[in-house]
Amino acid sequence: MTVPVILKFWLFIIFIIPSILCSIFYLHYFLIHRTFRQSLHNHVIILILSFGLIYMITDIIWYIHYYRTNAPLVSTPMFCQIWAYIDIAGFVSIIMLTAWASIERHILIFHPNLFSTKLKRLIFHYLPLIISSIYPLIFFFIIFFILPCDIPVDYTAETCALGFCTSTHPVLAIWDSWADNIIPIFTIVIFSIALIGRIWYSKYRMGQRFQWRNYKKMAFQLLSISFLYFFICWPSTILYTAYTFGLSYDIGSDYFINSFYFSYFITLLTPFVSIVALPELRGKFQPLLRLYRRRRPTVVPETIGMTRSKDRRTAERTGTGAVVG
């Protein structure tokens, strides 16, 4: 059983406004304070939140409109291409940056000498950030705007069904499943958990008692992110890969569709995890929460017919929407 459309609509409405406010506040605080802005470990967080903010005010808001009206914001082929492109490329960029953040924490704590010179910082810090940010944008631009796609535009489907364009190129679909989904998510989970283990082992090896208080904020952030990616994204990416290798779309189709709807909440929840991990920001953010509670808008969705498409963003990419929709 897939998540009802009305529930999808209201869940997005409930989370998106405070998430946008939280992202803006976090970015403003980090960018205006020189110490935070110049700290290397904050650069990737700033990029993740920046991509996430753009993603929320475009893709997720467009989905909210779609859930409310059963139609895209603008019923033109160009808008549908842009919607599908942002939907997939934006999400993969966030995954890539988060994966690099999980790796970079190990370097910052255990190998800080790799950032000791400008050349080393360029190679081991700035270059990975640039690649993680730019690669998905270029890769999916080629798929959606350069390579031919025979999928017809369907204005009653999510992203107008153009997410299927990746599935029309089998080699690229397999590359996408591994390079853009399974490997980055696996990296996030393993490296985040391994960092906690390395910190504990380093203290143990040096004969010192593990000071949980010194690392609990970082542990909370790492384990929260790992929990989100592992339980929301990991099972569905395994299914996604199996589908590209020929597994019947009837197997786990409802779970697959639902899991990719909830994958949007990784972007929606990341700002809250970042705020909670920094106690100095929590007190400053409370006035915004009180303002939001006083001015929360009321939005009434229109009735949507029972025949609407069940396609999800990544389900479209595997072709499951055409079978289970």
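The values are calculated or read from the model by the stated rules, or taken from the named source; none is laboratory data. Keep in mind that what you see is a predicted model, and the values were worked out from it rather than measured. Neighbour counts run over all protein chains shown; Cβ positions are idealised from the backbone, glycine included.
Quick check on my filter: what residues within the stretch 134-154 are outside any helix (DSSP H, G or I) and out of contact with any Pro (no Cβ under 6 Å at 6 or more places or on another chain)?
Pass one, the stretch 134-154, residues outside any helix (DSSP H, G or I): 147-154.
Answer for the stretch 134-154, where residues must be outside any helix (DSSP H, G or I) and out of contact with any Pro (no Cβ under 6 Å at 6 or more places or on another chain): 147, 148, 149, 150, 151, 152, 154.
Residue by residue, here is whether (1) small (Gly, Ala, Ser); (2) free of Cβ contacts under 8 Å to residues at least 24 places away in the same chain holds:
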residue: 78; (1), (2): no, yes
residue: 86; (1), (2): no, no
residue: 89; (1), (2): yes, no
residue: 94; (1), (2): no, no
residue: 99; (1), (2): yes, no
residue: 102; (1), (2): yes, no
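Here are some residues: 85, 26, 55, 66. Which one is closer than 29 Å to residue 13 by Cβ, at pLDDT 95 or above, in contact with a Pro (Cβ under 8 Å, 6 or more places away or on another chain) and surrounded by 19 or more Cβ atoms within 10 Å (Cβ to Cβ)?
Working: 85 fails: in contact with a Pro (Cβ under 8 Å, 6 or more places away or on another chain); 26 fails: at pLDDT 95 or above; 55 fails: in contact with a Pro (Cβ under 8 Å, 6 or more places away or on another chain).
After applying the criteria, what remains is 66.
Quick grid of which residues meet (1) more than 20 Å from residue 260 (Cα to Cα); (2) among the small types (Gly, Ala, Ser); (3) touching an Asp or Glu at 6+ places or on another chain (Cβ under 9 Å); (4) surrounded by fewer than 19 Cβ atoms within 10 Å (Cβ to Cβ):
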residue: 97; (1), (2), (3), (4): no, no, no, no
residue: 100; (1), (2), (3), (4): yes, no, no, no
residue: 147; (1), (2), (3), (4): yes, no, no, yes
residue: 189; (1), (2), (3), (4): no, no, no, no
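Could you please find all residues in the stretch 102-120 being modelled with pLDDT of 90 or more, over 18 Å from residue 189 (Cα atoms) and not basic (Lys, Arg)?
113, 114, 115, 116, 117, 119
Within the set of pairs 6 or more residues apart or between chains, which connect a residue that is closer than 12 Å to residue 267 by Cβ inside the stretch 57-69 to a residue that is assigned to a helix (DSSP H, G or I) and β-branched (Val, Ile, Thr) with Cβ atoms less than 7 Å apart?
Close Cβ pairs satisfying both conditions: 57/20; 58/86; 59/86; 60/16.
Determine which member of the set 210, 227 is at pLDDT below 80, outside any helix (DSSP H, G or I) and surrounded by fewer than 19 Cβ atoms within 10 Å (Cβ to Cβ).
On the way: 227 fails: outside any helix (DSSP H, G or I).
It is 210.
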